[in-house]
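Undergrad: I'd like to ask you about the structure that follows.
The values are calculated or read from the model by the stated rules, or taken from the named source; none is laboratory data. Every value quoted in this text rests on a predicted model; they were computed, and no experiment measured them. Cβ atoms come from the backbone with ideal geometry, glycine included; neighbour counts cover every protein chain shown.
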Amino acid sequence: MKMLKEEGHNLTRFETFQYYIIKSIFGLLSMLPRQVLLKTGELLGRLWYILDRGHRRIAMENLERAFGDEKSKPELEAISKKSFINAAKIIFELAWCNGIDIEEFKKHIDIEGAENYHRAVHKGRGVLGISCHIGNWELIPTAAACYDYPVSFTYRPLSYKPLDQVVLDARTRFGAVMIAKEKAMRKILRSLADSKIVGSMLDQNCDWYEGVFVEFFGHMACTNKGMALLAHKTKAPILPLCIVRNGNRYRLVVGPEVKFQAPEDPRDKTLAIENITISTNRAIEEMVRSYPEQWFWVHERWKTKDRHPWPRQG
């Protein structure tokens, strides 16, 4: 059996065998009607919500932290349940998408905010896209390809290489490029130089030495500063980008350019990075507030505590 060798991957013979098994399962699932796949995902999501007490508790703690003063407990529980269902559907939608061509997929998707992309790309510095784990985030590269948006997305490879290769195949099927985060800077800068969108998920917790502590839903959250460093270095415009469910359809939402306050002293890089991160976090929060039932509330977003804040310089 030929071993697979892809960017970031070097599968052993046994891993290659597992890859083809998973790929075959995806192929079989793709033959089922879309509604059957979605109903299966919904059922599994409901079961997950009932059986997984630990993640149900995390989701409720996060929701109470974010909306405790705005929504009742029954409302928060309803959002939590829908969030579990939303996440469970993702793998089945990937399988469905794997069985159709780009023209068929385009029939199921609408776009909102295309003018924001065109204004940003005309600046000639490429575009930095910030996104989050909302809707079916795995379909962002596919949806962008439907509208001929040249996109490169940074990602953290899954530890299980055969499954990661299957997911990578799905993400890049219609021409999107995935860039593994380790040693990614040269590829990111090349993509921006080629006027591409370089996208990154910005809604996950990170260790204190990787991020900046800024507010997210009124509470300090350690937020990765990589996107802010890129924006500061390249002056590329930043656009919020997500794909959400809209009934039985999908909506690719491209938000307006993220604006941030420049420090009075242009040499104060630390303050510049903080201000950019504050603004990008606000944009992510706005996405979540718009579609709370579609965000991944089971992630421990506020896990890292502000014990070792990023040291201010000068």
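Undergrad: Considering only residues that are among the polar types (S, T, N, Q) and either in contact with a helix residue (DSSP H, G or I) (Cβ under 9 Å, 6 or more places away or on another chain) or outside any strand (DSSP E or B) (or both), which ones fall in the stretch 237-251?
TA: Of everything in the stretch 237-251, just one residue is among the polar types (S, T, N, Q) and either in contact with a helix residue (DSSP H, G or I) (Cβ under 9 Å, 6 or more places away or on another chain) or outside any strand (DSSP E or B) (or both), namely Asn248.
Undergrad: Spot the failing condition for Arg301; the list is (1) buried (at least 17 other Cβ atoms within 10 Å of the Cβ); (2) within 15 Å of the chain's Cα centre (by Cα); (3) assigned by TED's automatic domain parsing to the domain that holds Glu210, and only one is missed.
TA: For Arg301, the exception is condition (3).
Undergrad: Hey, could you check the stretch 189-236 for residues that are small (Gly, Ala, Ser) and outside any helix (DSSP H, G or I) and say which is surrounded by the fewest Cβ atoms within 10 Å (Cβ to Cβ)?
TA: My answer is Gly218.
Undergrad: Moving to a separate point now. Taking the stretch 126-146 on its own, how many of its residues are in contact with a helix residue (DSSP H, G or I) (Cβ under 7 Å, 6 or more places away or on another chain) and either assigned to a loop (DSSP other than H, G, I, E, B) or on the phi > 0 side of the Ramachandran plot (or both)?
TA: Total satisfying the criteria: 4.
Undergrad: Residues Lys81, Lys39: which one is free of Cβ contacts under 8 Å to residues at least 40 places away in the same chain, over 23 Å from the mean Cα position of the chain (by Cα) and either surrounded by fewer than 16 Cβ atoms within 10 Å (Cβ to Cβ) or under 20 Å from His299 (Cβ atoms) (or both)?
TA: Details: Lys81 fails: over 23 Å from the mean Cα position of the chain (by Cα).
Residue meeting the stated conditions: Lys39.
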